[in-house]
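One structure is given below, encoded as structure tokens.
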């Protein structure tokens, strides 16, 4: 297996969490390792955006995930208008990142070979407010990942774990694994939430999505 | 309250430490030499010859024979001295378990203790002390020698008559709590740093866990936590011995951090804390739990075969909580010595989640994902908020937390009058960082040894390395709980019940205060600082306890406060944020220094804003300082502050936070 490695930069980006009480839209929390700080770029976000960019159907096979390494946290308060009535609802506060840097890794296959060396694509939330335009620069040649052990830096559904070198058997049962759900489309308009492995889980897998360490807090 | 005659109450094993051997030897004519009611040669004293009551039963046997030297040759379980066999009778195996528990609960290694008390003892080594030395409260150089020991014949008579009645542990604590908190577990320097109360409590817990996974056989005691019985034999032969048990019986120490997946949105969603506090209090009463706070739990468990970790934590997992656990499995002799720091290779990291389905469908006619926790399907029918008409799909667990809070009539001010009257609220969180605590304790211990001896640094370091964590951590946690209670009481006194909601438990680590007047945020910190100084005066410079305050209007989502409040402890013990406006982080002494400057009187807000604006434009602290110093004579307090090293950002944040309060 080989992966395209893309350097990601964005002026402003919102990779959010699903949170009740719609007046506040926080970012995915940062995962801290010593002085370094990572934010996951979940599989569902990365794959969804790439499918959209490539004009693929919701079920087209494509695998990608990544993480952000830089970005300054900001807040923005807006009052979205109802499209029908034109009336502004309650103001909502959005957290977003500015001057963002990160990486996305895309499995090399027929679909992803169509990705150009450099391109721009929208990703994340609040795109209608001008957030989310990402520039991606591809490394000259695909990387051949090696197996390693460390802390996962992104979020991957259990079903996609083998793509990233993680044996699903190793994450069955109790272990140093953080769990949650990611959205998986099952039609143009519907989907399910699937059990997923979250950042901070200590696993064996391809080293490009792992950070070495010994501690989970 | 009493217990049946054949029940051993291990908490009483060290009751002999409450008596003054010297004084009572003079008064009774008996040779009280050890806390086993024995003479210099460890022979049991004939108490009846001095007309004193002579208790009988297993508890008395444990009191007399829990010292390794009185067991018999080589501590062999099958060949105790005749006197031991006669007095202990059927309870002999239980006495052995008390010995194991006693070793586990001690604050330092017994082997070092014996070495120090031998012939090589230094001439100028400090004498024994009958008063416990509190590392975080007592001046390291002022060591007390005398303590409140029982020294009269009549008091000794009462004590022995008390033991003869087979009292329960609770009755023992009720009667002797004052003494137990003042007397050290070990009188010898420098092991006099833990209280007898904590030691007795730990021995009781360890003993009952040990007993739950051992069985008596005709060859002695066997551990049943493995596939085969493990006797704990000596290196030469087949006879089980105490040292053999300590090296062959594996147990687990588990340090847990409890979290929850919810993102509380409404006031009643804070019911998650009510449930957590309840569960932690229930778990805390179990013998397997050594200490706990609102989100931390330390457990002593046998191997997985006897009780699985998931089973031990079942109440928390069933209630929807997530438990991050560090598990160290090792023989008893290794577990007692700070294993998490000494042998990280033996420590396993586990995150236990409640049961999670593989998928949660998202269609209109089947359950959706819960909107609060995002880890369980919601109930089919939505919850409808009558006031706003908003519908929310919640799972049974999250709805249960909400219903619990509502049913108990909690958080009505937060979700009601404060929100309507639009007061700013301060979320106040006190937390104890156990990793940092261990570093602090070692440093305090080092200072204690250094202040009382002329030992070289290398030797002091060796002593520090002998220090064990469990007993000191429990002692510290007890004082921490006192701090929480006093802090909450003081806040209620200062602010009034109408301005406070306690979020979790009787000793709240989390509470919320309505700031009805300007300056009240700092009043909260002042209260904390006063209470902290009275309990932990020697920890001010490097505190393992932090105070975090997050201020906003009452409607601001709680989970965003929680991110700030529950963040791993930073370098500074005091952290205050006014959401979207200011953030101030200082150590306790620096905060006091800032308060002492009386900056509230100085109307310097625009001056500070101007200086901060210069920095924003130029990115130069030098130009910022130049702007600040221009005309600073009008602001003498500000000048004093800058000369003490406070930055413009700190001072501006201080001004902003000081101005918060009253109707927004």
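No value in this document is a laboratory result; all are computed from the given coordinates. Quick caveat: nothing in here was measured; it's all calculated off a predicted structure. Glycine gets a Cβ as well: all are built from the backbone with ideal geometry, and neighbour counts include every protein chain shown.
Note on residue B:609 and residue A:118: the model spin-label points, each 7 Å out from Cα along the C-beta direction, lie 4.4 nm apart.
Its relative contact order, with pairs defined as Cα atoms under 8 Å and 6+ residues apart, puts the stretch B:478-621 at 15 percent. Estimated purely from DSSP H runs of n ≥ 4, each contributing -39500 (n - 2.57), the mean residue ellipticity at 222 nm for chain A is -1500 deg cm²/dmol once divided by its residues.
Contact order for chain A, expressed relative to its length and based on alpha carbon pairs under 8 Å spaced 6+ residues apart, stands at 26 percent. Please determine, in degrees from 0 to 90 and to the nearest 10, the orientation of helix B:648-658 with respect to the longest principal axis defined by the Cα atoms of chain B, where the helix direction is its Cα long axis. Around 90 degrees separate the two axes.
Shown is the FRET efficiency for residue B:178 and residue B:40, computed with R0 = 30 Å from the Cβ-Cβ distance and rounded to the nearest 0.05: 0.50.
Put a dot 7 Å past the Cα of residue B:630, heading toward its Cβ, do the same for residue B:26, and the two dots end up 7.9 nm apart. I want to make sure I understand the PRE zone here: with the label point 7 angstrom from the Cα of residue B:155 toward its beta carbon, which residues in the stretch B:12-49 have backbone N atoms less than 11 Å away? Taking a point 7 Å out along Cα→Cβ of residue B:155, the residues of the stretch B:12-49 whose backbone N falls under 11 Å are B:18-21, B:23-24. Axis angle, to the nearest 10 degrees, between helix A:43-54 and the longest C-alpha principal axis of chain A: 70 degrees. Separation of the stretch B:512-542 and the stretch B:618-657, taken as the distance between their Cα centroids, equals 24 angstrom.
Helix B:457-466 and the longest principal axis of the Cα set of chain B meet at an angle near 80°. Distance between the C-alpha centres of the stretch B:241-286 and the stretch A:143-185: 27 Å, rounded to the whole angstrom.
Approximating the spin labels as points 7 Å out from Cα along Cα→Cβ, the residue B:621-to-residue B:345 distance works out to 4.3 nm. When the helices of chain B are scored as -39500 (n - 2.57) per DSSP H run of n ≥ 4 and the total is divided over every residue, the value at 222 nm lands at -12500 deg cm²/dmol.
When the Cα centres of the stretch B:179-199 and the stretch B:1-62 are compared, how far apart do they sit, in Å? Centre-to-centre distance over Cα atoms comes out at 19 Å. Considering only alpha-carbon pairs that sit under 8 angstrom and 6 or more positions apart, the relative contact order computed for chain B is 12 percent.
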